[in-house]
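What follows is a single structure, written as structure tokens, with notes after it.
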Amino acid sequence: MTYYERPGPGAGGLPARAAFASDAPSLSLNGTWRFHLAPSVADAPEGFEDPGFDDSGWAALPVPSTWQSHGHGKPAYTNFRYPFPVEAPHVPDENPTGDHRLSFDVPGSWRGKPVVLRFDGIDSCGRVWLNGTELGYTQGSRVPVEFDVSAVLRPGQRNVLAVRVHQWSAGSYLEDQDQWWLSGIFRDVRLVVRPEHGIPDFFVHAGYDHRTGHGSLRIDTTAGARVSVPELGLADAAVNETHDVGPIEGWTAETPRLYHGTLSATGEQVPLRIGFRTVEISDGVLTVNGRRIRFRGVNRHEFHPTLGRVVPPEVVRAELAEMKRHNINAIRTSHYPPDPLVLDLCDELGLWVMDECDLETHGYEVDDWPENPSDDPRWRDAYLDRMRRMVERDKNHPSIVLWSLGNESGIGRNHGAMADWTRLRDPSRPLHYERDREGRYVDVYSRMYPPPDEVARIGATKKMPFILCEYAHAMGNGPGRLVEYERLFDTYPRCQGGFVWEWLDHGIRQRTPDGTEFYAYGGDFGEEVHDGNFVIDGLVFPDRSPSPGLIEYAKVIEPVRIESVAGGIRVTNRRDFAALDDLSFDWVLEEEGREVARGALAVPRVAAGESVDVAVPKVPTTLAETWLTVNARLSDATEWAPAGHVVAWGQLPVRQPEPPVAPEPGQEAVRRGGELTVGRAAFDPVRGSLLRIGDVPVAGLRLDVWRAPTDNDRGSEEPLADRWRAAGLDRLQHRVLGLEASGGGLTVRTRSAAAGQREGLVATWRWTEDGAAVRLRLAIEPEGDWTVPLPRLGLRLALPALLDTVEWYGSGPGESYVDSCAAVRIGRFTRTVDQLQTPYVFPQENGNRRDVRWAELRDADGAGLRVKGAPTFELTARRWTSEALAAARHTYELVPDDVIHVNLDAGHTGLGSASCGPGVAERHRLIVAPTIFELTFRELG
Ligand code: GAL
């Protein structure tokens, strides 16, 4: 057996310790290295570790990097199937092998000093030589390793570091996370002097006693070291004993108060950032500093669209700030410990962290877990080693409130070993592992993707803290139903929230031959086995811009609720700790979407968990539909948002719209030229189809029920999309049953049904004149035995391509669907047709605007068509048909037509999250039923 096929752990590494910076000298070895990729171990060059080896012909490669992101080899995506034969611990002979070399100088002043070489991450394993001497071998891709190089380093001279990395190793069996398989030295590499009489390691225990408000501090480290925290009046205090530091401000995700201090030994000084908090489970509720906490979290993978597993520091900071701006308060580091920087930032910005071990053996689930390493003693040390390296590295972060043993690895004794060791080492943090349903080893009950009714059942009965380590699968358009979960978290004290799956779409940025940018997913790199676009399931797009799912989530989890109650406005503080003192409230009054007044709203102090009612401000009288929008904004800038940033908002109705008035019976349709006309509308006299409204040509107006299936429509065991296609809803045929130009206007009857199907929709189209407009009253009657809900129900039509500006009064500004519409408000919005599209990486239904009272599609001169609902309709406008949208697999396959396709709908089925989880709630399925739908059309300009 080769060294890299041993179940692990590695060999030659130093004992794990905390990640920290100190005043000891260090040298980053990040930079441009020499690199050679061989298709197999047998093809890898011999003697490359020799300092004299000639690497002048090798490629240059940045380190840190994943080599597939730089044109060496190809990325591959699988969800849980192993991309190699399952015969652990063996891996294929065709094992891509990346040899890395770096020549570097070390200052002469380092002579005689102990030095360690630290790798923060090598995927999947690394064998390391310095100046020709082998230092050891490491496995465990996302946990650090250090080697003692004191005896081989040549200060003042040239040194040569050589690292052989194999794409596959025994460790790969433990790293079967749902993500791209990418290889290389993907985190920092550094030499660190370890001073004599220094601080090799330390463990900060900083507690908060919620009864007294006092903090306690104990730092376990080398005897004789001293601690100073000037802010607390702690000067030169002893280590390895507990100090009562008096009244302090506790650390929470809402109040990330860090106290700065110093840990000193004669040979080394370490800056400290201490957050005081105590995590406890009390009466089955997870608490911090004595209060129940609620996770409003996301699962975060480390990925970048061009750099693979390397996420530059500025991108990390920006994305965590983006989370904070969207009211997210927690991260599960799915499914491995992140780059250490992430945790520093979580301490600083305020995010609860569940730190998860680099462990997943999900490929064994395929045939129900036979020979799962989790229960095989040969793998015990590897499991323990991974846990130990995570806990030791990360133990000093106040943000970490739970340790997670890993993800989807079945369950076995090796989990028990991890848990036992962790409890001894760090009794201060509870343990999590979702597959431990009986609570054999862990302290919290965790589930992924249970439907809301099951969450309610568990919430009502379970005696442990209950969290959803994954829920609301954010693949494509969705997730729907966030509001339902949120209600349950508000209802059951032990339902303590969860982590949406997942933060980011892992698309890889590519270009077509003609230079069009797009994002690639599984299968785009010729993988033999892959899981397609299942890797595109984030709340943010691959470039980390927010998708509508994130906007919805931010609104649903907002820390302040602003609602209308009898006689006033109720402001509820949904935070767990902080009052709302950092927020200012203001209001805007809009009449039919136009601002008529604004002002400040005085809100008295509201403690966490409490509500106050305030009077509605005095506002001017209005005539049309009027709404009052109240915003809660940050009064001052924070590290993650500018002053004025809207944290929460609510909209209150002030004046309802006038009910629509039925028009006077108008003129009968008249025959003019070869056409029938009703007021300004012209129809085909045989088919009865609309041809024009005034001068605006209208093509292809007909009943339509199809939408380009979303990932959620395509998900679950019996995908809605399959049922829709089986029922022929994507290919309705239309037949005119009759045409009648009498009784004031024009009446057309049609029947729409699919080939081979008996079920049909009979529609009576009644067109009448309504002043300068023409009114359509559509009565739809189902025929036959309909058993599928409809994707949508409404009309389609095509308008000239120049009418590409859309203004509407209704829900906006973003898209919305019946089970994902918390984040939209009633207002007047203008977008171009292109801006109305949501660029889901895998094209699908998107861009729907609901509750539309009226919409105008106009050209640059303001000419065009106005459509008014009675009272409302749903709207999409695109440069391609639903059929083209459904056929496209990548964004670049969407080619604009020379018309704009408009859908005007009475309703849509909701979104749900069946791509992995519950489908659309019954009440949000569009059941076939008699329907009346009314619209008026008027030419503009
Ligand atoms: C879970 C898993 C995640 C991801 C998700 C689906 O089962 O833990 O890693 O695969 O499903 O996207």
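The values are calculated or read from the model by the stated rules, or taken from the named source; none is laboratory data. This is a predicted model, so every value here is computed, not measured. Cβ coordinates were reconstructed from backbone atoms using ideal geometry, including for glycine residues, and neighbour counts include every protein chain displayed. Only protein heavy atoms, including side chains, enter the accessible area calculation; ligands, DNA and RNA are left aside. Shrake-Rupley method; radii C 1.70, N 1.55, O 1.52, S 1.80 Å.
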Given the -39500 (n - 2.57) contribution per DSSP H run of 4+ residues, what per-residue ellipticity at 222 nm results for the chain, rounded to the nearest 500 deg cm²/dmol?
-3000 deg cm²/dmol
In what sequence, largest accessible area first, do Leu161, Leu894 appear using a 1.4 Å probe?
Leu894, Leu161
Give me, ordered by chain and number, the residues 5 or more places off Leu504 or on other chains with an amide H under 5 Å from its own placed amide H.
His301, Leu539, Val540
Given the peptides 475-485, 73-83, arrange them by the average over their residues of other C-beta atoms within 10 Å, most packed first.
475-485, 73-83
Counting only residues 5 or more apart in sequence or on a different chain, those whose built amide H sits under 5 Å from that of Leu234 are Val229
In the chain, what percent of the accessible surface is made up of carbon and sulfur (1.4 Å probe, ligands and nucleic acids excluded)?
49 percent
Cα-based Rg of the range 745-789 normalised by 2.2 N^0.38 Å, two decimals
1.47
Whole number please: convex hull volume per residue, Cα atoms of the range 809-941, in Å³.
128 Å³
Taking a point 7 angstrom from the Cα of Glu639 along the C-beta vector, which residues in the range 248-285 have backbone N less than 12 Å away?
252-260, 273-275
Rounded to 10°, Cα long-axis angle of helix 340-349 versus longest principal axis of the chain
60 degrees
At a probe size of 1.4 Å, how large is the accessible area of His645, to the nearest 10 Å²?
30 Å²
Ignoring ligands and nucleic acids, what accessible area does Glu322 show with a 1.4 Å probe (Å², nearest 10)?
30 Å²
For the range 438-592, state what percent of all Cα-Cα pairs lands in each successive 5 Å bin, counting from 0 Å until the bin that includes the largest distance.
2, 8, 13, 14, 14, 14, 12, 9, 7, 4, 3, 1, 0
How would you order 786-799, 852-865 from highest to lowest mean count of nearby Cβ atoms within 10 Å?
786-799, 852-865
Hey, what do the phi angles of the range 19-29 turn into as Karplus ³J(HN,Hα) couplings, whole Hz, using 6.51/-1.76/1.60 and θ = phi - 60°, x for Gly and Pro?
8, 7, 9, 8, 7, 5, x, 8, 9, 6, 9
His90-Glu717 FRET efficiency (beta carbon distance; Förster radius 35 Å; 0.05 resolution)
0.55
What do you reckon, how do Ser742, Ser141, Ser56 stack up by accessible area (1.4 Å probe), largest on top?
Ser56, Ser742, Ser141
Sort Arg164, Arg127 from largest to smallest accessible area, using a 1.4 Å probe on the heavy atoms of the protein chains.
Arg127, Arg164
In square angstrom, rounded to the nearest 10, how much accessible surface does His72 have for a 1.4 Å probe?
40 Å²
The correct pair for the range 671-712, radius of gyration to one decimal and Dmax as a whole number, both in Å and from Cα atoms, is 14.5, 49
Could you tell me, in Å, what Rg and Dmax come out for the Cα atoms of the range 214-264?
11.3, 36
Across all directions of projection, what mean area in square nanometres is found for the Cα convex hull of the range 238-317?
9.2 nm²
Which of the chymotrypsin sites (Phe, Trp or Tyr not before Pro) found in the range 1-42 are loop residues per DSSP with 11 or fewer other Cβ atoms within 10 Å of their Cβ?
none
Starting from the coordinates of the alpha-carbon atoms of the range 56-171, obtain the Kirkwood hydrodynamic radius over all distinct pairs and give the value in Å to one decimal.
15.9 Å
Can you check what the net charge comes to around Ile467, using other residues whose Cβ is under 15 Å from the Cβ of Ile467 (Lys, Arg +1; Asp, Glu -1)?
+1
Per residue, in Å², the accessible surface of the range 422-478 once ligands and nucleic acids are set aside, probe 1.4 Å
36 Å²
From the phi angles alone, apply the Karplus equation (6.51, -1.76, 1.60; θ = phi - 60°) to the range 500-512 and give each ³J(HN,Hα) in whole Hz, x where the residue is Gly or Pro.
4, 9, 9, 5, 10, 6, 8, x, 9, 5, 9, 10, 6
Whole-Hz Karplus couplings 3J(HN,Hα) for the range 290-295, θ = phi - 60° and coefficients 6.51, -1.76, 1.60, Gly and Pro as x, run x, 10, 4, 10, 10, 7
For the range 403-507, which semi-axes, largest first and in whole Å, follow from the square roots of 5 times the eigenvalues of its Cα gyration tensor?
26, 18, 11
Whole-number accessible area per residue in Å² for the range 662-810, which is evaluated in the context of all protein chains at 1.4 Å
43 Å²
Loop-resident sites, the range 188-275, for trypsin sites (Lys or Arg not before Pro), counting at most 14 other Cβ within 10 Å (DSSP):
Arg211
Compute the distance from the alpha-carbon center of the range 503-556 to that of the range 35-83, in whole Å.
26 Å
Amide H of Gln269: which non-local residues (sequence gap of 5 or more, or other chain) have their own amide H closer than 5 Å, using H built in the peptide plane?
Asp23, Ala24
Using the reciprocal of the averaged 1/r over all distinct C-alpha pairs, how large is the Kirkwood radius of the range 1-116 in Å?
17.7 Å
Percentage, to the nearest whole number, of Cα pairs in the range 545-631 over 23 Å apart:
33 percent
When ligands, DNA and RNA are left out and all protein chains stay put, how many square angstrom of accessible area per residue does the range 172-308 have with a 1.4 Å probe?
35 Å²
Estimated translational D of the chain in µm²/s (Stokes, Kirkwood radius over Cα pairs; 25 °C; 0.890 mPa s)
80 µm²/s
Stokes-Einstein diffusion coefficient for the range 585-695 at 20 °C in a medium of 1.002 mPa s, Rh from the Kirkwood formula over Cα pairs: what value in µm²/s?
114 µm²/s
Specify, per residue and in Å³, the volume enclosed by the convex hull of the alpha carbon atoms belonging to the range 740-823.
184 Å³
Gyration tensor over alpha-carbon atoms, the range 11-70, equivalent ellipsoid semi-axes in Å
28, 16, 14
Give me Rg over Rh for the range 675-745, both radii from the alpha carbons and Rh done the Kirkwood way, two decimal places.
1.18
Trypsin sites (Lys or Arg not before Pro) lying in DSSP loop within the range 562-644, provided at most 15 other Cβ fall within 10 Å:
Arg605, Lys618
